[in-house]
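Heads up, the thing below is written out as structure tokens.
The values are calculated or read from the model by the stated rules, or taken from the named source; none is laboratory data. Computed from a predicted model, the values in this text were never measured in an experiment. Note that we place each Cβ from the backbone using ideal geometry, even for glycine, and neighbour counts take in every protein chain shown.
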Amino acid sequence: MPAGRFREPPLKVFPGDVDDTCNELVLELTDQPTIFADVRAKVPGPTFELGRGRMRLALPEAFPEAEPLEAYERLLLDVMRGDPTSFISSDQVELLWRLCSIRC
């Protein structure tokens, strides 16, 4: 499950904090693809209290009429349409290997 954490803001707007969790964007790339945005936000009301909230987009629930494709079906459909988005060239593979070997 790939996730991306957002940087902490340089200044604290509200006193106190919920815990050490950061605002986070989570992409669940499974058979039931779902996108989450876990955020810290001000709890509604007159106090300045922070709480954790989750925004969620479940694609099968949002688009129940859409017929999902299996992984290989998607790739074959891309090939038939001539869409190179899911594929990379050998030059790109070599560049990725070089970049990985530099960072590791």
Item to check | Number of the condition not met by A3 [criteria: (1) under 12 Å from the mean Cα position of the chain (by Cα); (2) at pLDDT 75 or above] | outcome: (2)
Checklist outcome for this item: Quick count over the range 34-66, residues being within 22 Å of the chain's Cα centre (by Cα) and over 30 Å from N23 (Cα atoms), is 1
Checklist entry - Which residues, counting only those in the range 43-70, are in contact (Cβ under 8 Å) with a residue 24 or more places away in the chain and in contact with an Asp or Glu (Cβ under 7 Å, 6 or more places away or on another chain)? => result L50, R52
